[in-house]
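Student: The structure under discussion is supplied below as structure tokens; questions concerning it will follow.
The values are calculated or read from the model by the stated rules, or taken from the named source; none is laboratory data. Quick caveat, the model's predicted, so the values are computed rather than measured. Cβ: placed from backbone, ideal geometry, glycine included. Neighbour counts: every protein chain shown. Calculation scope for accessible area: heavy atoms of the full protein, side chains included, ligands and nucleic acids excluded. Shrake-Rupley method; radii C 1.70, N 1.55, O 1.52, S 1.80 Å.
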Amino acid sequence: MKFSLKILLWMIIVMALALGFSGFYLVNYVFETSLEREVGQALDESSILSFAFETAALSVPSKYNVLPDSTVEEIASNLETGGQNSRRLLRISDEERRILYVSDGFETDQTLLEQIGKTVKAHRVIHVGEKYYIHTGVTVSALGRILYLETLRDVSEVFSERSVGFSLYRRVTLIMLLVGTVIMHFISSLLTKPVRLLTRATKRMAAGDYSYRAKQISRDELGQLTRDFNRMAKALKRNIERLEEEIEAREEFMGAFAHELKTPLTAIIGYADMLRSHKLDAEKSFMSANYIYTEGKRLEAMSLRLLDIIVAGKNRPELTDFSAASIFGYLDGMFTGSRDMDFVFTYEEGTVRAEVNLIKTVLVNLIDNACKSSEPGSRIEVSGHALESGYRFAVQDYGIGIPREELRKITKAFYMVDKSRARSKNGAGLGLALCAEILKIHHSELVIESEKGKGSCFSFLLPWGGQGPEREAEKT
């Protein structure tokens, strides 16, 4: 059963119970009030008749010491016909509860008559035939006699009004339930509309449409649920896109890896087969062996780089504080004079917090990449700047540069902008991928600024160590 129908059903049940109980209480309250009023009037009338009887008995001639039965009958007859109420019915009994006078139509037992002796007044509601009466009884003292006066007051109209009231209220209740059902169906549909929209969005997402969003139509808890669902859908879409990118990158990686293995292995196998199956002179043998050695070293370097990337991605760095000057001293001693390049090292003093060996690896790879991208004798600037947010390392070259559309892919493994140039300098497209992975575990990132034909600048930011920036210095 749908949730909206459940709400509708429960609302109908609650409304039916509320209307039923309230209607019963209201009609019954009106009935009891009317009946109490009639009982009061009946008791008042009984008291008036008792007083009238006693007054009439005083007018009996004094020759009677005791009120005769004939006189009782005469007074009772006068009381029955003397009033304006045509419903008045009387019954008078003597001390022995023998009936002395009874009106026509006074048909009832003597149960109340037996109770009059215990109390001065008594009354009850009785059902005789199709009518209802209030049966009252009172004691009358007249000329030394104790008589019992009973009256019947017709209250059938009160009971008829109750029946009419219940019948009318049942019809009103039925009409209200029908009208209420229509109204509550509209309300329940309106209240459950956000749930239906969320269900539709869930089905669309289950079918693969991760861009679909549920429409928010309220600001209550269901509206908040819709907002949370859309945020979840957005996060899910991002995760799926990220996974798809990772799968795509993995496939590209596997393809590039297979290609990078195929080229040197083909050369190695070819030259090895030539050495194995042909007699070559010393020069050709040396050339073949050199090709095998060169390609083998390239495979070794590529394997070591891949291992470094895997290890860097899985291990946590051991952070220590070290001075920027020690890094630049290491780079100066390593590159100055060893390459046919014009190296310029410029730095500001500061204490950086990172794993020093990994940061050295990053800078060495960036400088090596700058050398491969530049012509011999070109200027390569390695700088360090103290900023408020941390210490910024930068490597600037003035080489071939990187096209704008290639910048996003440059840190992927095996990706090379100029493959022939990279391979000619024993490049495999793993250096920048390793740098990006090392910086990621340091909660930093590689910032690349480049323009084709004008050079590139690779930079990254590391947090301050314990001492922060100290002073400025320059070494060229």
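Student: Got at least one residue in the stretch 122-137 being of a type in the set (A, V, I, L, M, F, W, C), under 25 Å from ASP69 (Cα atoms) and either open to solvent by 40 Å² or more (accessible area, probe 1.4 Å) or in contact (Cβ under 8 Å) with a residue 60 or more places away in the chain (or both)? Lay out the reasoning, then the answer.
Tutor: Our first condition is that a residue be of a type in the set (A, V, I, L, M, F, W, C); within the stretch 122-137, this holds for 122, 125-126, 128, 134.
The next check asks that each one be under 25 Å from ASP69 (Cα atoms); those that pass are 122.
Checking the rest, the ones that are also either open to solvent by 40 Å² or more (accessible area, probe 1.4 Å) or in contact (Cβ under 8 Å) with a residue 60 or more places away in the chain (or both) come to none.
There is no residue in the stretch 122-137 that is of a type in the set (A, V, I, L, M, F, W, C), under 25 Å from ASP69 (Cα atoms) and either open to solvent by 40 Å² or more (accessible area, probe 1.4 Å) or in contact (Cβ under 8 Å) with a residue 60 or more places away in the chain (or both).
Student: Sticking with this one: Kindly indicate which of THR181, THR199, THR192 is farther than 30 Å from LEU19 by Cβ and of a type outside the set (Lys, Arg).
Tutor: Unique residue meeting the criteria: THR199.
Student: Tell me whether the stretch 158-166 contains one or more residues that are aliphatic (A, V, I, L, M), under 60 Å from the mean Cα position of the chain (by Cα) and within 30 Å of ARG88 (Cβ to Cβ). Lay out the reasoning, then the answer.
Tutor: From the stretch 158-166, those aliphatic (A, V, I, L, M) are 158, 164; that's our starting set.
The next check asks that each one be under 60 Å from the mean Cα position of the chain (by Cα); those that pass are 158, 164.
After this cut, where a residue has to be within 30 Å of ARG88 (Cβ to Cβ) as well, the list is 158, 164.
Within the stretch 158-166 (the criterion being aliphatic (A, V, I, L, M), under 60 Å from the mean Cα position of the chain (by Cα) and within 30 Å of ARG88 (Cβ to Cβ)), the answer is yes, since at least one residue qualifies.
Student: Let me ask another. Going residue by residue through the stretch 220-233, is there one that turns out to be open to solvent by less than 50 Å² (accessible area, probe 1.4 Å), within 30 Å of GLY40 (Cβ to Cβ) and β-branched (Val, Ile, Thr)?
Tutor: No.
Conditions tested, residue by residue: (1) out of contact with any helix residue (DSSP H, G or I) (no Cβ under 9 Å at 6 or more places or on another chain); (2) of a type in the set (A, V, I, L, M); (3) in a loop (DSSP other than H, G, I, E, B); (4) free of Cβ contacts under 8 Å to residues at least 12 places away in the same chain.
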site	(1), (2), (3), (4)
GLY337	yes, no, yes, yes
PHE345	no, no, no, no
ILE367	no, yes, no, no
GLY377	yes, no, yes, no
VAL395	no, yes, no, no
GLU406	yes, no, no, yes
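Student: Which one is modelled with the lowest pLDDT among residues in the stretch 434-460 that are open to solvent by 10 Å² or more (accessible area, probe 1.4 Å) and in contact with a Ser or Thr (Cβ under 6 Å, 6 or more places away or on another chain)?
Tutor: Checking each candidate, the answer is ALA436.
Student: When the stretch 372-390 is examined, which residues are found to be open to solvent by less than 10 Å² (accessible area, probe 1.4 Å) and in contact with an Asp or Glu (Cβ under 8 Å, 6 or more places away or on another chain)?
Tutor: SER374, ILE380, GLY384 - these are the residues of the stretch 372-390 that are open to solvent by less than 10 Å² (accessible area, probe 1.4 Å) and in contact with an Asp or Glu (Cβ under 8 Å, 6 or more places away or on another chain).
Student: Assuming SER338 fulfils every condition listed in (1) surrounded by fewer than 20 Cβ atoms within 10 Å (Cβ to Cβ); (2) modelled with pLDDT of 85 or more apart from one, which condition is it?
Tutor: The number of the failed condition is (2).
Student: Another question about this same structure. Only one of SER47, SER34, SER77, SER22 is open to solvent by less than 30 Å² (accessible area, probe 1.4 Å), part of a helix (DSSP H, G or I) and among the small types (Gly, Ala, Ser); which?
Tutor: Of SER47, SER34, SER77, SER22, the one residue that is open to solvent by less than 30 Å² (accessible area, probe 1.4 Å), part of a helix (DSSP H, G or I) and among the small types (Gly, Ala, Ser) is SER34.
Student: Which of the residues that make up the stretch 182-219 are polar (S, T, N, Q), assigned to a helix (DSSP H, G or I) and buried (at least 16 other Cβ atoms within 10 Å of the Cβ)?
Tutor: Within the stretch 182-219, SER188, THR192 qualify.
Student: Another question, then. For the stretch 52-74, name all the residues that are surrounded by 12 or more Cβ atoms within 10 Å (Cβ to Cβ) and part of a helix (DSSP H, G or I).
Tutor: ALA52, PHE53, GLU54, ALA56, ALA57, ASP69, THR71, VAL72, GLU73, GLU74
Student: Is it the case, given these coordinates, that ILE400 is at pLDDT 85 or above and under 26 Å from GLU295 (Cα atoms)?
Tutor: Numbers: at pLDDT 85 or above: yes; under 26 Å from GLU295 (Cα atoms): yes.
Answer is yes for this residue.
Student: Scan the stretch 147-156 and give yes if some residue there is among the small types (Gly, Ala, Ser) and either in contact with a strand residue (DSSP E or B) (Cβ under 6 Å, 6 or more places away or on another chain) or open to solvent by 20 Å² or more (accessible area, probe 1.4 Å) (or both), otherwise no. Even if it seems obvious, please write down each step before you answer.
Tutor: In the first step, residues of the stretch 147-156 are kept if they are among the small types (Gly, Ala, Ser); the result is 156.
If we keep only those that are either in contact with a strand residue (DSSP E or B) (Cβ under 6 Å, 6 or more places away or on another chain) or open to solvent by 20 Å² or more (accessible area, probe 1.4 Å) (or both) as well, we get 156.
Within the stretch 147-156, one or more residues are among the small types (Gly, Ala, Ser) and either in contact with a strand residue (DSSP E or B) (Cβ under 6 Å, 6 or more places away or on another chain) or open to solvent by 20 Å² or more (accessible area, probe 1.4 Å) (or both).
Student: Note down all Cβ pairs under 9 Å where the first residue falls in the stretch 61-90 and is over 22 Å from LEU143 (Cα atoms), the second is modelled with pLDDT of 80 or more and part of a loop (DSSP other than H, G, I, E, B), and they're at least six residues apart or on different chains.
Tutor: Here the result reads ARG88/SER103; LEU89/SER103; LEU89/ASP104; LEU89/GLY105; LEU89/PHE106, each pair linking the stretch 61-90 to a residue that is modelled with pLDDT of 80 or more and part of a loop (DSSP other than H, G, I, E, B).
Student: I would also like to ask the following. Listed residues ALA233, ALA272, ALA256; which is outside any loop (DSSP other than H, G, I, E, B) and at pLDDT below 80?
Tutor: ALA256
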